[in-house]
Amino acid sequence: MTDRLTARDAIARVASGFTELPVPEGMSAPDGPIAWQGYDEQRARAARRTGEQESVVCGTGLVGATEAVLISFEFGFLGGSLGERTGDRLEAAYTHARERRLAVVSLIATGGSRMQEGMRALAQLQRVARQSALTRAAGLPQVAVARDPTTGGGWATLGAGADVILALPGAQIGFAGSRVRPPEADPHAYTAEAQWAAGQVDAVVRPEELPGTLARWLRLLTGGSPTPLPAASDAAGRPPAADHAAESSRSLQPAPPPRALGRAGLPATGWDAVLQARSPRRPRAAACLDAYFETRESISGDRCGGVDRGMLCGFGLYEGRTIAYAAQCGTPTLPAGYRTAARLIRLADRLSVPVLTLIDTPGAANDADAERAGAGAAIADLFGAVATARVPVTTLLIGEGGSGGALALAAPHNTWVTPDSYFSVIAPEQAAAILKRGPEATRTTADQLRLRPQDLVDLGIARGIVPAPPPEEESSP
């Protein structure tokens, strides 16, 4: 079980210079909107116990060096539940974030909607969802920290609807709280660790590491927009972000391709290219990312219950600017991996952050489990995310490029290759089998496929070959 801080202590843990926002004025009928007997006294007791007048505290503060709007739940006030006055405060906080062009950080600890206000309380979820959507359309990041507990509508809006979700160890997280879930349900399924394993949260972060982690995330997520978007809204309250975001995105410089880390030269034959790309000594995605970025943070999971540890996605700092990345690790890519990459690219697009993709896979996973998990739909979705991205996408092929399962991650007209890589419409062994050739014909088939790095440049598939580092850098760190 995590430590249960007050709302203000939770803010003090991660931010400095906190200034509370003005509290919106609101009228409350005696005992609330549905005249729940004794509700006024319940609120008064909660106020005396906590020193707060509502279940959320909202304001601005510095998280590291980044100013943000902070929303912190006071669980001691009626279980951190959401009522109409809670909705007033949340709407004011989101509006302030859009007016000031600030990220939103939610420190959540809630049991859900306030039953003493009936459906008027539940309707606040629609209100919060709209504010979150407007903030998303304005190109502003939203980061959630799931404290203990994070359940009900608070999880289904501020929590699960955030761009990046961090969780404290042992926190109870789930739509169903402990008192309403089926008695036979496995309680572990509702923990931070289980939600991370299922791809529903991006990281489980220890309390002492949370301030630094949040500071790095906000620096990365707010470091990609070169042109501030206007805060004006139309008559319906919608910020005119789309056109301005598109204009801003077009002005972005694409991420330069990383340098090759391997020592291999250009292959003489197609089969040589395949062997070099499949070599266990060839550098993999993690090494490339570590060499490229000063610092990076990862997102995890497809938000549909799946995780592919063979697809690394996140944001990193390169020469002082933020670049998003999606990188295959040399394994067959699972449907969850494609969905996570698509999620990453769409988030980068909203935040005006250029994207780098690294291709290295023998192909998409094609077993029965992958088919049941929607392999075709997941690949199609990633193709669509790359094709419609307004931000520039740069691709480097660092190893195997196996068919459409690799091409889905490739940037049209901005794909580069390393000397120890290949890209093919199909693997040479499979091509020979389809053509009813014996295994001895695999090498010849590899040559016919024209899959070498230099072939890819000649065919117009790749813009160029990224050279290996010069010999004098071989011993450099």
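Using R₀ = 45 Å, calculate the FRET efficiency as 1/(1 + (r/R₀)^6) where r is the Cβ-Cβ separation of Glu25 and Glu319; round to 0.05. My answer for the efficiency is 0.40. Across the chain, the mean sequence separation of Cα contacts (distance under 8 Å, 6 or more residues apart), normalised by length, yields a relative contact order of 11 percent. So how tilted is helix 84-100 from the main axis of the chain? Cα-based, degrees 0 to 90, rounded to 10. It works out to around 50 degrees. Across the range 65-82, coupling constants 3J(HN,Hα) worked out from phi with the 6.51/-1.76/1.60 Karplus curve, θ = phi - 60°, read 9, 10, 6, 8, 7, 10, 10, 10, 8, 9, 5, x, 9, 6, x, x, 6, 9 Hz, and Gly and Pro carry x. Angle, helix 241-250 long axis vs. longest principal axis of the chain, Cα atoms, 0 to 90°, nearest 10? So the inclination is approximately 30 degrees. Residue ranges 452-464, 391-403 sort as 391-403, 452-464 when ordered by packing (mean number of other C-beta atoms within 10 Å per residue, highest first).
Within the shell of other residues whose beta carbon sits under 11 angstrom from the beta carbon of Arg452, the net charge comes to -4, with Lys and Arg scored +1 and Asp and Glu -1. Against the chain, whose longest principal axis comes from its Cα atoms, helix 210-221 is set at around 60 degrees.
What is the local net charge at Gly374, summed over the other residues whose Cβ is closer than 14 Å to its Cβ (Lys, Arg +1; Asp, Glu -1)? Working shown, then result.
Values: positive: Arg303, Arg339, Arg372; negative: Asp302, Asp308, Asp367, Asp369, Glu371, Asp381.
Net local charge, Gly374 excluded: -3.
Here the peptides 417-430, 263-276, 129-142 are ranked by packing, the mean other Cβ count within 10 Å, and the order with the highest first is 417-430, 129-142, 263-276.
Every number in this text was worked out from the coordinates using simple rules, so none of it is lab data. Keep in mind it's a predicted model, so treat the numbers as computed, not measured. Glycine gets a Cβ as well: all are built from the backbone with ideal geometry, and neighbour counts include every protein chain shown.
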